[in-house]
Amino acid sequence: MVAMSIPGTASAATEFGDSCVADAPYSPVALFEFSAPGNPLPTAAPASGVITKWKVNLTTEAPEIPTALKVIRQVGTDSILVVGDSTGTIRGGSNSFDTRISVQAGDRLAIHGVGEAPTVICDTEGVDSHLGGFNPAVATGATGPFEEGEADLRVPVTAILEPDADNDGYGDETQDACPQSATVQVACPLIALDTSAKVGKRAVVVLVAGSSEGPVSVKGVVRLGKGKKVTLKAKPKTVVPGRLASLKLKFNAKLIKRLQELEPTQKLTLKITATATNVAGQLSTDKSKVKLKGQA
């Protein structure tokens with residue numbers, strides 16, 4: 001059977017594999033499961049994403065057993081590619097190990113004992129499962145042959161699969177606090193803004209500096225007197241660290257008329273608000289004021 005790749009990305013954390021409780025040793029071969037009667041979980045990754053944790057349940061009286069996880073991708077009728085690995089020592093009871101392995105839909109979980117340790121299995125006592133086995137010496141990034149067949153056992157390993165919206169190789173739910181950006185894994189930073197303004201006769205040019213890249217908009221409000229005001233807006237631009245973004249607040253006819261009614265010694269106040277949006281959609285603002293001289 002050739003594993004089929006299913007398009008799409010995980011939308012929420014999900015578990016796949018087989019959660020049976022291992023109760024017997026097996027020869028030191030790497031085993032993976034195509035299907036098994038009684039296993040309610042999907043045996044292959046249902047979507048692309050990142051494995052953030054793998055688990056093995058072992059009978060409580062079992063000794064410590066060094067064990068390796070290998071995530072495999074079938075690349076031919078009888079060959080597999082190892083796309084990632086992780087190791088841990090399993091003990092009686094529930095065992096859980098943190099990891100970070102990017103996977104595609106259809107990838108499967110294999111385990112094997114490390115060194116002289118056996119591969120642990122769940123003995124199904126005459127009920128056959130559809131399995132695959134290969135040499136555990138096949139390393140991550142390498143391909144190797146596998147054999148396919150039926151046996152009365154199950155492979156006791158599951159994995160937690162998380163989405164990876166920005167394809168940075170970190171699980172979005174527990175490993176990536178900013179899944180909107182592939183360059184940041186901590187909380188998405190707000191864009192710190194700093195503005196200055198140059199006043200002209202028909203417009204104010206607002207220069208905006210930002211701590212990180214993102215769209216920025218600028219508006220200005222001027223009170224004309226007698227309860228009247230005008231609002232000016234500039235065409236939005238993208239602010240980039242190390243460069244000033246220049247946005248122009250053009251005076252409208254009402255403001256120009258009012259300024260022409262005022263003597264140069266008289267002034268109106270333009271209140272400027274610059275607003276930036278980070279990759280997570282969070283807003284940050286910077287406010288300033290400039291005086292507009294009368295132009296009579």
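Here, each number is a calculation from the coordinates, and none is a lab measurement. All values reported here derive from a predicted model rather than from experimental measurement. Please note: Cβ atoms are built from the backbone with ideal geometry, for glycine as well, and neighbour counts cover all protein chains shown.
Before moving on, here are some points about what is shown:
- Charge tally around Ala45: other residues with Cβ under 9 Å, Lys/Arg +1 each, Asp/Glu -1 each, net 0.
- Loop-located GluC sites (Glu not before Pro) in region 31-137 (DSSP state not H, G, I, E or B) with no more than 15 neighbouring Cβ atoms inside 10 Å: Glu61, Glu64, Glu116, Glu125.
- Only alpha carbons enter this Debye calculation for region 193-293, each as an equal point scatterer, and the log10 of I(q)/I(0) it gives at q = 0.18, 0.23 Å⁻¹ is -0.79, -1.13.
- Net +/- balance of residues flanking Lys237 in space, Cβ distance below 13 Å, scoring K and R +1, D and E -1: +3
- Of the trypsin sites (Lys or Arg not before Pro) found in region 192-247, the ones in coil according to DSSP and having at most 15 other Cβ atoms within 10 Å of their Cβ are Lys201, Arg202, Lys226, Arg243.
- Separation of alpha-carbon centers, region 130-174 and region 219-296, rounded to whole Å: 58
- The HN-Hα couplings worked out from phi for region 107-120 by the Karplus form 6.51 cos²θ - 1.76 cosθ + 1.60 (θ = phi - 60°) are 5, 10, 9, 10, 10, 7, x, 9, x, 8, 6, x, 7, 8 Hz, whole numbers, x standing for Gly and Pro.
- Residue (of Ser102, Ala44, Thr158) at the positive-pole extreme of the chain, dipole from beta-carbon charges: Ser102
- The dipole here belongs to the chain: it is taken about the Cα centre, uses +1 on the Cβ of Lys and Arg and -1 on the Cβ of Asp and Glu, and is about 5540 debye.
- Listed residue pairs exceeding 25 Å between alpha carbons, taken from Lys198/Lys226; Lys237/Lys267; Lys250/Lys289; Lys229/Lys293; Lys229/Lys267: Lys198/Lys226; Lys237/Lys267
- Residue-averaged [θ]222 nm for the chain, counting only DSSP H segments that reach four residues, each worth -39500 (n - 2.57): -1000 deg cm²/dmol
- Each of Thr67, Thr275, Ala22 was placed along the dipole of the chain (beta-carbon charges, centred on the mean Cα), and the one lying farthest toward the positive end is Thr275.
- Cα gyration tensor category, rounded, prolate or oblate, for region 1-143 with a/c compared to 1.5: rounded
- A cut-off under 15 angstrom between Cβ atoms defines the neighbours of Gly88, and their net charge, with Lys, Arg +1 and Asp, Glu -1, is +2.
- Shape of the chain, Cα gyration tensor, a/c cut at 1.5: prolate
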